[in-house]
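Structure record follows, encoded as structure tokens.
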């Protein structure tokens, strides 16, 4: 990455970062739902968009909607 690219990344606003990947990626992370383990699915901006009982089903749902799954930890 060159200096111009680094400068450009520093100039991105928090709002722009929140929209980065919107509609293209979904983040997954483990959560508890009603006392049971589950996998939360969030849009790139952090908006909850779903949940699944396990990682396999969460990834399948994301791929079904033509998005790229990413692990959030």
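Readers should treat all values here as calculations from the given coordinates under stated rules, not as data from a laboratory. Quick caveat: nothing in here was measured; it's all calculated off a predicted structure. Please note: Cβ atoms are built from the backbone with ideal geometry, for glycine as well, and neighbour counts cover all protein chains shown.
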Footprinting proxy, 65, 42: sorted fewest to most Cβ within 10 Å, the residues are 65, 42
Using a 7 Å offset from the Cα along the Cα-to-Cβ direction at both residue 60 and residue 13, what is the distance between the two label points in nm, to one decimal?
4.1 nm
Residues residue 70 and residue 33, FRET efficiency given R0 of 25 Å [Cβ-Cβ distance, rounded to 0.05]
0.80
Least to most buried among 29, 10 (fewest other Cβ within 10 Å first)
10, 29
A correct fewest-to-most ranking of 32, 67 by other Cβ atoms within 10 Å would be 32, 67
